[in-house]
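*Asks:* Mind looking over this structure? Questions follow.
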Amino acid sequence: MLNQEQLSCYQAQANVLYHALYFEPSEFLLGQFRENDVVKSWPETGEQSCRSQGLALLEQALTESDDSLLPQLKKDYTQLFLGPGELSAIPWGSPYLHEKRLLCGPSTEAFAAFCQHHGIQVSTQSKEPVDHIGLMLSVLGSLLAEEIKQDNGIPRPAARTPVALERPIL
């Protein structure tokens, strides 16, 4: 059972990653990272050496001016998630879980049904599958926020319900 502080840490991480992975990089996001000193305030969860390496890279990047950093981040984001051409990192889960790498496969349907069953509305900027990693992190952040509000140590049923996937994520 996670305590309130741990839940808050995971919720904060889910929210930051939602914004970093779902939305194109912006001056606003970089400003929020700097203003909230995300490098120093990042919760100490996960494997320590990986966290330290990632935060060191983030700290180094945030020392650059927006004029030099933002174009590179936008280029990387486009190459990873938008195209043109083959994406370096497909942001939707279904291609990773379907043997033919199909978009909107059974795992997308399972996640949409999970959200609907638990009264979670997922809205997107455009017509796209709901199993975008950023959107899934947003749902997780919302579930954790609800669990924190309960303050009784009992997880909401939605936080304990596994989404039936075609095959497990490795």
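The values are calculated or read from the model by the stated rules, or taken from the named source; none is laboratory data. Not measured: the values here are computed from a predicted model. A quick note on method: Cβ atoms are made from the backbone with ideal geometry, for glycine too, and the neighbour counts reach across all protein chains shown. Heavy atoms of the whole protein, side chains included, go into the accessibility calculation; ligands, DNA and RNA do not. Shrake-Rupley method; radii C 1.70, N 1.55, O 1.52, S 1.80 Å.
*Asks:* Looking at region 43-99, which chymotrypsin sites (Phe, Trp or Tyr not before Pro) are in a loop (DSSP not H, G, I, E or B) and have at most 16 other Cβ atoms within 10 Å?
*Replies:* The qualifying sites: there are none.
*Asks:* Taking the full set of protein chains and a 1.4 angstrom probe, give the accessible area of residue 104 in square angstrom, rounded to the nearest 10.
*Replies:* 70 Å²
*Asks:* Still on this structure: If you average the sequence gap of Cα pairs under 8 Å that are 6 or more apart and divide by the length of region 1-135, what percent do you get for the contact order?
*Replies:* After rounding, I find 24 percent.
*Asks:* Above 22 Å lies some portion of the pair distances; for the chain, what is it as a whole percent of all C-alpha pairs?
*Replies:* 52 percent
*Asks:* Another one. Kindly write out, for region 129-140 in residue order, the coupling ³J(HN,Hα) from the Karplus curve 6.51 cos²θ - 1.76 cosθ + 1.60 (θ = phi - 60°), rounded to whole Hz, with x marking Gly and Pro.
*Replies:* Couplings: x, 7, 8, 5, 4, x, 5, 5, 5, 5, 4, 4 Hz.
*Asks:* In whole percent, and with a 1.4 Å probe on the protein chains, what portion of the accessible area of the chain is carbon and sulfur?
*Replies:* 56 percent
*Asks:* Find the accessible area per residue for region 55-105; the probe is 1.4 Å, ligands and nucleic acids are left out, and the unit is Å².
*Replies:* 65 Å²
*Asks:* What does the convex hull of the Cα atoms of region 1-75 come to per residue, in Å³, rounded to a whole number?
*Replies:* Looking at region 1-75, the number lands at 97 Å³ per residue.
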